[in-house]
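For reference, the structure is listed below as C-alpha cells.
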Amino acid sequence: MKKWVYAISVVAIIISCTGKNNKAKEQYEKAKLLFEQGEYNRAKEVIDSIEILYPNSFDEIKRGMQLMRKINLKEYERNLAYADSMLQVRKADVERLKKEFYLEKDAKYQEEGNYIYKTEKNAGVIKRSYVRAQVSEQGQMMISSVYFGPSGLKHQSMRVEAPDGTYALTAVIPYDGARNFSFTNDGNTTEVVTYKGPQMMSVANFIYNTPGKIKVSYEGKRPYSFYLDERSRKMLNTSYELASAMRAVKDFTREQAIASKTVEVLRRQIAEKEAELKK
C-alpha cells in the first residue's frame with residue numbers, strides 16, 4: 001500500500017512539474033512574441049515573471065535571460081542610432097553658430113580661448129554700461145555685468161526682471177581683482193563682474209525665454225538699473241545657443257561612446273550564450 005502511495009506521489013510531482021514547465025514555456029513564447037513586435041518593456045515584464053512564478057524552470061529562465069540580452073541590444077542599438085543622428089545635427093548647429101563669433105585667444109598665454117560675438121570685435125575701450133557674453137572653447141558660457149560711470153557701485157551680482165515682476169539672479173561674486181575687478185580712469189569708474197556656468201545660467205535662461213523689455217539691475221553699494229538693448233539681447237541669446245549646442249555635442253559624444261561599447265559587449269555575450277544553449 002505504501003509503495004502505491006509513493007508511486008502516486010511521484011507521478012503527481014512529475015505531472016505538476018510538467019504543467020509548470022509548460023506554463024513557463026508559454027510565458028517565454030509570449031515574451032518572444034512581444035520582443036518581435038517591438039514591445040520591449042512588456043517583454044521584459046513577462047521575462048521577469050518566469051523566474052518569479054516558475055523558479056525551477058531552468059531552461060526557460062536561461063532562454064529568458066538570453067532574450068533579455070537581445071532586448072537590451074535592440075535598445076542600445078536604437079540609442080546609438082539616435083546619438084549618431086543628433087550628434088551630426090548638433091555639430092552642424094555649432095559650425096553654423098560659430099560664424100557669428102570670432103575666437104579670441106593668445107596662444108602664448110592662453111590654453112583655452114573664448115568665442116566673442118562679432119559685434120564686440122571692434123568695441124574698443126569700455127565706455128558704457130552693458131551686459132556682455134562669451135563662450136569658452138569647451139562650451140561654457142560666461143556673462144559679465146559691465147558698469148561705467150562717474151562713481152563706483154561696488155556691485156557683486158546682477159538681476160534681470162520682466163514687466164510682470166518675474167526675475168532671475170546671478171550668483172554673488174565678491175571683489176577679487178580678477179572675476180570681479182574695477183579701475184578708475186579720467187574720473188570715471190569701470191567695474192566688470194564675470195559669472196560662469198551655473199552662476200549665470202538662470203539669468204541666461206530668463207533672457208532667452210522672456211520676450212519684451214528686460215530691466216537689468218546691478219546689485220551693489222548703490223542701485224543702478226537700465227533696460228537691455230537689442231544688440232546685447234542678440235549677443236546673449238546667440239551665445240546661449242552656441243553654448244547649448246556645444247554642450248549637446250559633448251553629451252551626445254559621451255552617449256555615443258557608451259552605447260557603442262555596450263552594443264559590442266552585448267553582441268559578444270549573446271554569441272557566447274547562444275553556443276551554450278545549443279549544447
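Over the Cα atoms of the chain, what radius of gyration and what Dmax do you get, in Å?
Calculated on Cα positions, Rg and Dmax stand at 31.9, 118 Å.
Just to check I understand the Karplus step: with θ = phi - 60° and J = 6.51 cos²θ - 1.76 cosθ + 1.60, what whole-Hz values come out for the stretch 72-80, glycine and proline as x?
With the stated coefficients, the stretch 72-80 comes to 4, 4, 4, 5, 6, 5, 5, 4, 5 Hz.
Read phi for every residue in the stretch 48-55 and hand back ³J(HN,Hα) as whole Hz from Karplus 6.51 cos²θ - 1.76 cosθ + 1.60, θ = phi - 60°, with x for Gly and Pro.
Once rounded to whole Hz, the list reads 4, 5, 4, 5, 6, 7, 10, x.
How much net charge surrounds Gln110 when only the other residues with a Cβ under 10 Å from the Cβ of Gln110 are counted, with Lys and Arg +1 and Asp and Glu -1?
For residues surrounding Gln110, the net value is -3.
Just from its helices, what would the mean residue ellipticity at 222 nm be for the chain, if runs of 4 or more DSSP H residues each count -39500 (n - 2.57) and the sum is divided by every residue, rounded to the nearest 500 deg cm²/dmol?
Value at 222 nm, helices only, nearest 500: -19000 deg cm²/dmol.
Please give the per residue volume of the convex hull enclosing the alpha carbon atoms of the stretch 148-279, rounded to a whole number of Å³.
Values: hull volume 22.1 nm³, N = 132.
In the stretch 148-279, the Cα hull volume divided by residue count equals 168 Å³.
Full extension from Phe183 to Lys278: what is 0.36 nm times the residue separation minus their Cα-Cα distance, to one decimal in nm?
26.3 nm
Quick one: dipole size for the stretch 99-252, taken about the Cα centre, charges +1 on Lys/Arg Cβ and -1 on Asp/Glu Cβ, in debye to the nearest 20. The partial results should precede the final answer.
Details: 21 positive and 17 negative charges, 55 e Å.
The calculated dipole for the stretch 99-252 is roughly 260 debye.
How much length is gained on full extension from Glu51 to Asn22, taking 0.36 nm per residue of separation minus their Cα-Cα distance?
Extending this stretch completely gives an extra 9.1 nm.
If you place +1 on the Cβ of every Lys and Arg and -1 on the Cβ of every Asp and Glu, how big does the dipole about the Cα centre of the chain come out, in debye to the nearest 20?
I would put it at about 500 debye.
If one takes the longest principal axis of the Cα atoms in the chain, at what angle in degrees, from 0 to 90 and to the nearest 10, does the Cα axis of helix 2-36 lie?
The two axes meet at around 40 degrees.
List the residues, sorted by chain then number, that are 5 or more residues from Glu219 or on another chain and whose placed amide H is less than 5 Å from its amide H.
Correct list: Gln156, Ser157, Met158, Arg159.
Over the stretch 25-94, what percent of the accessible surface lies on carbon and sulfur atoms, probe 1.4 Å?
The value for the stretch 25-94 is 48 percent carbon and sulfur by accessible area.
So which GluC sites (Glu not before Pro) in the stretch 172-252 are both in a DSSP loop and have at most 14 other Cβ atoms within 10 Å of their Cβ? Could the numbers behind the result be given before it?
Details: sites: Glu191, Glu219, Glu230, Glu241; in loops: none.
The qualifying sites: there are none.
Give me the distance in nm between label points sitting 7 Å out from Cα along the Cα-to-Cβ direction at Asp59 and Lys261, one decimal.
3.8
What number comes out for the charge environment of Gly149, summing +1 per Lys or Arg and -1 per Asp or Glu over other residues with Cβ under 13 Å away?
Result for the neighbourhood of Gly149: +3.
Take the eigenvalues of the Cα gyration tensor for the stretch 67-196, scale each by 5, and report the square roots as semi-axes in whole Å, largest first.
41, 20, 14
How high is the FRET efficiency from Lys74 to Lys234, r the C-beta distance, R0 45 Å, rounded to 0.05?
Working: r = 45 Å, r/R0 = 0.99.
According to the calculation, E is roughly 0.50.
Taking R0 as 35 Å, what FRET efficiency do you get between Ser225 and Ser136 from their Cβ-Cβ distance, rounded to the nearest 0.05?
The value I calculate is 0.75.
Students often get this wrong, so check it: of Lys118/Lys196; Lys62/Lys261; Lys127/Lys234, which have C-alpha atoms separated by over 22 Å? Display every interim value, and only then the final one.
Details: Lys118/Lys196 20 Å; Lys62/Lys261 24 Å; Lys127/Lys234 20 Å.
In this structure, Lys62/Lys261 exceed 22 Å between Cα atoms.
Report the residues of the stretch 157-184 in range of a label on Phe148: point 7 Å along Cα→C-beta, backbone N strictly under 14 Å from it.
Once the point is set 7 Å along Cα→Cβ of Phe148, 183-184 turn out to lie under 14 Å by backbone N, inside the stretch 157-184.
Given a 1.4 Å probe, how much area per residue of the chain is accessible, in Å²?
Numbers: 17100 Å² over 279 residues.
Per residue, the chain has 61 Å² of solvent-accessible surface.
Given a Förster distance of 30 angstrom, what is the FRET efficiency for Ala81 paired with Lys105, based on the Cβ-Cβ distance and rounded to 0.05?
On the way: r = 36 Å, r/R0 = 1.20.
With a Förster radius of 30 Å, E is 0.25.
The values are calculated or read from the model by the stated rules, or taken from the named source; none is laboratory data. Because the structure is predicted, anything quoted here is derived from the model rather than measured. In this analysis, Cβ positions are derived from the backbone assuming ideal geometry, glycine residues included, and neighbour counts consider all displayed protein chains. Remember, those area values only see protein heavy atoms, side chains included, never the ligands or the DNA or RNA. Shrake-Rupley method; radii C 1.70, N 1.55, O 1.52, S 1.80 Å.
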